[in-house]
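Read the structure below first, then the notes.
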Amino acid sequence: MAEADVPDDVAFDYLLTGVGWSEARLRIGVASTSLSASYLDDALGDLLRATAVLDRARSTVRVSWADEPGEFRWVLDRSGDNLTVRVLWFGSLWGRH
């Protein structure tokens, strides 16, 4: 991806919405998504730890956010200075991908 193609407007908002629940909104350029996560995992902490590993040792990391009964899965792919972010939805926890 050429530098001119890199979106310069990236936003991530994270909010605790009640006991054991959180909501997030991710916007990269014109693409955006809303997510939620339950108390079953440390959603924000897991995402932060994954980005640390991605920077140092791995080119792809996956992070699961439990949403009862479903799951949001972040897939972060790094290639040099480029990062591709995909957020997938599965109707049940630990879906295949």
ask   = (1) 45, 29, 26; (2) 39, 35, 24; (3) 42, 27, 22: which one is Cα extents along the principal axes in Å as calculated from this entry?
value = (3)
Under Karplus coefficients 6.51, -1.76 and 1.60, residue-wise ³J(HN,Hα) of the range 61-68 in Hz, glycine/proline x = 9, 10, 10, 9, 10, 5, 10, 6
query = With +1 on each Lys and Arg Cβ and -1 on each Asp and Glu Cβ, how big is the dipole of the chain about its Cα centre, in debye rounded to the nearest 20?
reply = 340
inquiry  = Can you give me the angle between helix 43-56 and the longest principal axis of the chain, using Cα atoms only, in degrees from 0 to 90, rounded to the nearest 10?
reply    = 30
Sequence-distant residues sharing a close amide H with LEU83 (under 5 Å, placed H) = none
task = Would you look at the GNM of the chain, springs on alpha carbons closer than 10 Å, and say which of ASP55, ASP67, ASP41 moves the most?
result = ASP55
inquiry  = Taking a virtual spin label 7 Å from the Cα of SER34 along the C-beta vector, which residues in the range 56-95 bring their backbone nitrogen under 19 Å of it?
reply    = 65-74, 87-91
key: For the chain, with +1 on Lys and Arg beta carbons and -1 on Asp and Glu, the positive-most of SER34, GLY45, VAL61 along the dipole   = VAL61
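Around ASP41, with a cut-off of 12 angstrom between Cβ atoms, what is the net charge of the other residues, counting Lys and Arg +1 and Asp and Glu -1? Intermediate values should be presented prior to the final figure.
On the way: positive: ARG49, ARG73; negative: ASP42, ASP46, ASP67, GLU68, GLU71.
Result for the local shell: -3.
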task = Quote the FRET efficiency, to the nearest 0.05, computed for TRP89 versus ARG56 with a Förster distance R0 of 22 Å and r equal to the Cβ-Cβ distance.
result = 0.15
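All of the numbers you see were taken from the coordinates with simple rules; none came from a lab. Not measured: the values here are computed from a predicted model. No Cβ is skipped: glycine too gets one built from the backbone with ideal geometry, and neighbour counts run over all protein chains shown.
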